[in-house]
Each structure stands twice: as C-alpha cells, then as structure tokens.
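Reading through the structure tokens given below for one structure.
Coordinate-derived values only; no laboratory data. Just so it is clear, the model here is predicted, and its values are computed rather than measured. Cβ: placed from backbone, ideal geometry, glycine included. Neighbour counts: every protein chain shown.
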Amino acid sequence: MPHDFADGGGGPALRLEPIMGPPLDPLLIYSEPETTIGRGSDCRVRLPEQERTVSRLHCSIASRAGAWLLRDRGSRHGTIVNGDALQPEVEHPLRRGDRVRIGPWTFRVADPSDTAPTTILLDEAPSPPGSLRTITDANRDNINRRRLELVLECAKRVQGVTDESALAEQLLDLILEGSGYSLVALIRTATTTDQPEVLGVRTASKRPVQVIYSRHLLRAAARGQIVQLNQSGMAANMTVVGNAIHSAMCVPVVQSNKVPMCLYLDARQNDPPVHDDAAAFCQAVAELCALAVANLARVRLEQEHVRATERMQAAMDIQRGALPPPAGNLGPVDYAVKIYPARTVAGDLFDIFPLDHGRVAFFMGDVVGKGVAAAILGAMTQAYIGAALRSHGDVGPALCEVNSHLARKAADDKFVSLWCGILDQATGELRYVDAGHGYAMIRRANGTLEAVSDGDDAPLRAADAPYASHGARLHPGDALLLYSDGVAEQPSPTGEFFGVPRVRSVVAPTVTTTPAALVDELVEAVRQFAGPKATDPADDLSVAAIRWRGPEKPA
C-alpha cells in the first residue's frame, strides 16, 4: 500500500518498518525540519484514509543535533513507544530498534541501510498430522567446539541488554553462524493479539528476502519444546514450497513456565545443510535469552518502583501543600487535625480557613479509593470546595457548584463523602451540609455529646441533587468533632470494628477539652485497638476537632 512523502532534497534518513498491522510499505523519513504523519492530505507521510484510529495529524518526527525526536500531536488514540503512551506535544527521542505504535500499526525504527527483511507473511495453511516433529533429544554433549565458543559469546552479550530488541541485535548473527540456518528471527509470542511481534531478523545472505513464518510451528513451540516442520509438512504447505524452504525450526524461550518469545529459523534451497547439533546449540542460546528476559523483567519492576515512588512523593507533596497546619486558631476558633494515610498518601481531605463577615469555613471528606489517584482527586476537590465557599459564602450553593464540576471532571466510579460547615465567630451559629459523610458530633463543654448529622445528603459526584444547609449552635467551650470512616471501621486483630460507640466513650470523659487533646486521645485509642496493625491502618484515618471559645471581647 503506497504512502505519500516528500524527499526533502536528499535520501531517506530514517525508516519506520511495519512489523504488526495491515499491509503497509515502510515509512521513509527524510532529513527535513519536521516530518508530519497522519491521514491528512497535508501530512508529509500520509497513512490510509480508512484507518480511523489514526488522526489526521497524528504525530511528527524532527531531526535536531543528530537526534531523532518523535512528538504526538494530540492524536485521539495516542502514539505508543515501547509500550508507553507519549504525552501530547512532548518530544521523545527515538533510537534504532524502538517500537512505535500508530493506530493499527507497530513500526520498528530502523536505519535505511539496514538489510534485514521487511516483508512478514504468516503461514495460515494447516499442516497434516505428524508433520511437526518435537525434538526431545537435543544432546549438548555433541556440540562442537566452535558452537560452544559461540554459546559463551552469547552469554557475554546478553549481560546488560536494555530491551528485547537489543537482545536480538546482540545474538542473531551468532545464532546464524552456530545453527547453519540461513534465516533466524526472535519473535515475541506473548502479545495481546494473535499476531506475533518480530523483534529482529537476520539472514546469512545479508539481503532482504520474503520471510515465511509458520503459525503452526509457533503455536507448537509455545508448549515449551523445540519443534521442527518435517518434509511432509513442507510438502503440504504450498507457501513454504513456493519459497523453497527445506527446513524450519522453532525454539521456545521458556521463562517462569511461559513462552514469551521464540527463536524461529529456516533454511532454503541451495543453502548448505543445517548443523547436526543446531537444536542443542539453539536450546542453549534460548536458555540464555530466558535469563536475559528475567533480568529485563526485574529491571522493569525496579524502574516501575522508582516511578511509583516518585509519583507517590509528588502526591504527598501536593497533599501536604493543601493541608492546613496540624493545629491553630482563627480568632476565637481553635482547631487540631491528624491524618494517617493507609497507603502513604491519603484520600481524606481537610481544610479550615476564614471567610468574610467574621466566619470560619471547614470541611472533612473522604475520596473513594486510596493511594496516588485518590490523593490527587482529593487535592483537586479541596481546591474546588475552598474556591466555591469563598465565592458563595453559603455551604449549600457552594457544594452544588462543586458537585456539578466533579460530574464533568471525575470518573464515573469516583465520589467524595464530605462534611462541610461555616461557623459564625460572634454567635456560634453553625450551618452545615453532610454529603454522605456521617461522622460528626458536638462535644459540649460539660462533656455531653450530640449528633449533628447522619450523612443524609448524597456524596459529591454520586447524584445530581441540590444541597441545602442545616443549622446547629455551639456554646462557649463546645467542640465539633469530625472523623473519617477509617476511625469507626478500623478492625481489631479479631476483626471487630472500633465503631461509633467507642468513639463516644473515648471523647465524652475527656477532662481537658482542647482540640489537640480530643484528637490525640481518639487517635491513640484507635491505634491501641488496632494492635500490631496500627502502623498499617485498614483505611485512611483522619480526626479533627474545632472548638469555639466564645465571642471575642472588644478591645
């Protein structure tokens, strides 16, 4: 299938070689300021109009300071490099062997002078019963000295490879020499589709040839044994006969009882016979490949752990920046708060700040889920609520606005339970909305406890319902206690929940009524109840106390 490109006044400098997807010629990229790729008529490299997973302007490649840089241009389905989606409009360096996915195609980045075969054809013709021979007697005692030296050289080369394409680059020439076959390929079999992915190909002639891969041979090797297509299979398969292939073998790379890739080899008419010990030699090399694959998996896990740690640290920084100090006062209002996350960062949120007309706003909420995603949604929600309360000065309209905003921005399976109130510093009047939170009580100065809500309104993002505020009043010395479900639902070693009655029994008899004392005693009681699991709470645990000392006396 042809594609359009401009020559830029010279020969091609980069080639994107299709290794998966519908039939397509290699894409030739020329040394020019920027080569655009997409379905649009103004793209330098134009892909077929009918492939709607490709955007009209999908991506572009530029050459600067001797480096090739790939940039996704805001495509609808993204541009993928080695399995990772590129950030739109952020340049990503390309190197030889990288795999680039654009729409239905996966391309291998290659130099135009690369003589590796580019035409890949999968054999669909069924092979007759008995045409596949399983090799179980690959006797390594008979490997000759030269091939033993090649095995040792392969062992040296697999150390430190950075990906599967680099593994192919290091080994395929040695396998050609050691096996006697005229073509060898490293093929990834564990793909998300039935289409195997070619990681690298080498031919003894160093010239491009049409490559025929027997799907039946690959599937048989996926059982973990070396298989060979014998003469009856060759005779029955006209595609193979038409290309004068007289021998084909597939050697599995077995790693953790799975076959993530295979060595595929064939020999053609007029080629010398393959070596008698080819199977044993290739099996030894395949085992080295398996060790390399295991090491690559370990490296990827380590890299992912580093990235996850960096994301977690970033989320922690965001969360710390959004939280107020752990204790303080705003006029006659004192407060204290403690938040203990279940997974390094919490989905709980809390804030307290002054409003105009001598009022103080505060809220506590809980985002569904834990970890980085919950913390980011929590920080975003906290910012929305703060802005809406300052704008409206009334809890009900503010939460209606936040709810509408979250309905547009947050995922369908995400919602936020919230208790939000505004306290008048002069009168102690409290206006509040309980959006599905349910954990709040007033501790009067004399030690009696009063429930102020039961979470009767729907959580934010859960429903398109109006929010109207309710009223309560604090007297001098009274404190409002807010806590998360991580308190009430903290299990003991026997599986019993801490529960609301225990919260009441801890808070009511407290001698001192400072917010810090209320918070510390409840948190300590929960930690004692949890026992050895106190350092790893089942859910984010948050407690806050807000006390009104009474109206300030005029100076």
Mind checking the full-extension length gain between Ala468 and Arg76? Use 0.36 nm per residue of separation minus the Cα-Cα distance, one decimal, nm.
-> 137.1 nm
Note the per residue figure in Å³ for the convex hull of the C-alpha positions in the range 409-491.
-> 111 Å³
What per residue convex hull volume, in Å³, do the alpha-carbon atoms of the range 271-311 yield?
-> 56 Å³
Roughly what would the spin-label model give for Lys258 and Ser205, points 7 Å off Cα along C-beta, in nm?
-> 3.7 nm
Residues whose placed amide H lies under 5 Å from that of Leu199, excluding near-sequence neighbours = Leu186, Ile187, Arg188
In vacuum, with every alpha carbon of the range 380-536 counted as one equal point scatterer, what does the Debye formula give for log10 I(q)/I(0) at q = 0.10, 0.16, 0.21 Å⁻¹? Two decimals, please.
-> -0.42, -0.99, -1.28
